[in-house]
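Below is one structure; the comments refer to it alone.
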Amino acid sequence: MSDTMQSLDQLASLKPAAPEAPKYVKKVDKYGRAYATGKRKDAVARVWIKPGAGKVIVNTREVEVYFARPVLRMLIQQPLVAAARAGQYDVICTVAGGGLSGQAGAVRHGISKALTYFEPDLRGVLKKGGFLTRDSRTVERKKYGRAKARKSFQFSKR
């Protein structure tokens, strides 16, 4: 009887321990800013956040000037609102490539990542909201023998 108990103890010691969740640490530069890169479609946004009054500057312009459509401004504020940090961080970002909608999505992604670097505790909230996932949908490439990616040339039987 004791032999079986002893062998069970040996088996239990061989079993690897459950992997622990990775510990995320605060990543800030010497100026106290958190930096992250956000991407969406063809747009790439470089985002810096630091504690402040909630001012958002995109390509050296105010967010109201750069993103004139209210929907795009709302999109950018989503991660800050979800994390209950609206008006607490100044956001400075440079964005290039793609159109306005893709650029707004890239800035949103960058803000989300920068928030997790500044406050690792917010990672769960932002992940649950889907803000940390890079939206991988891009434009489908054009194929030869086709008018566009999928559209065919007009078919003529005769």
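The values are calculated or read from the model by the stated rules, or taken from the named source; none is laboratory data. Quick caveat: nothing in here was measured; it's all calculated off a predicted structure. Note that we place each Cβ from the backbone using ideal geometry, even for glycine, and neighbour counts take in every protein chain shown. Surface areas here come from the heavy atoms of the whole protein model, side chains and all, with no ligands, DNA or RNA. Shrake-Rupley method; radii C 1.70, N 1.55, O 1.52, S 1.80 Å.
For this structure, a couple of remarks:
- Scan of region 100-158 for residues that are open to solvent by less than 40 Å² (accessible area, probe 1.4 Å) and at positive phi, ordered by number: GLY130
- Just one of (1) open to solvent by 60 Å² or more (accessible area, probe 1.4 Å); (2) modelled with pLDDT of 80 or more; (3) among the polar types (S, T, N, Q) fails for THR94. It is (1).
- Filter pass, ARG85 being surrounded by fewer than 21 Cβ atoms within 10 Å (Cβ to Cβ) and not in a helix (DSSP H, G or I): yes
Every residue, every condition in (1) without any contact (Cβ under 8 Å) to a residue 40 or more places away in the chain; (2) open to solvent by 90 Å² or more (accessible area, probe 1.4 Å); (3) over 11 Å from CYS93 (Cα atoms); (4) assigned to a loop (DSSP other than H, G, I, E, B), yes or no:
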{"site": "VAL28", "(1), (2), (3), (4)": "no, no, yes, yes"}
{"site": "TYR31", "(1), (2), (3), (4)": "yes, yes, yes, yes"}
{"site": "GLY38", "(1), (2), (3), (4)": "no, no, no, no"}
{"site": "ARG46", "(1), (2), (3), (4)": "no, yes, no, no"}
{"site": "LYS50", "(1), (2), (3), (4)": "no, no, yes, no"}
{"site": "GLU64", "(1), (2), (3), (4)": "yes, yes, yes, no"}
{"site": "ALA68", "(1), (2), (3), (4)": "yes, no, yes, yes"}
{"site": "VAL71", "(1), (2), (3), (4)": "yes, yes, yes, no"}
{"site": "ILE76", "(1), (2), (3), (4)": "yes, no, yes, no"}
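- Among (1) in a loop (DSSP other than H, G, I, E, B); (2) in contact (Cβ under 8 Å) with a residue 60 or more places away in the chain; (3) among the aromatic types (Phe, Trp, Tyr) - the single one TYR144 does not satisfy: (2)
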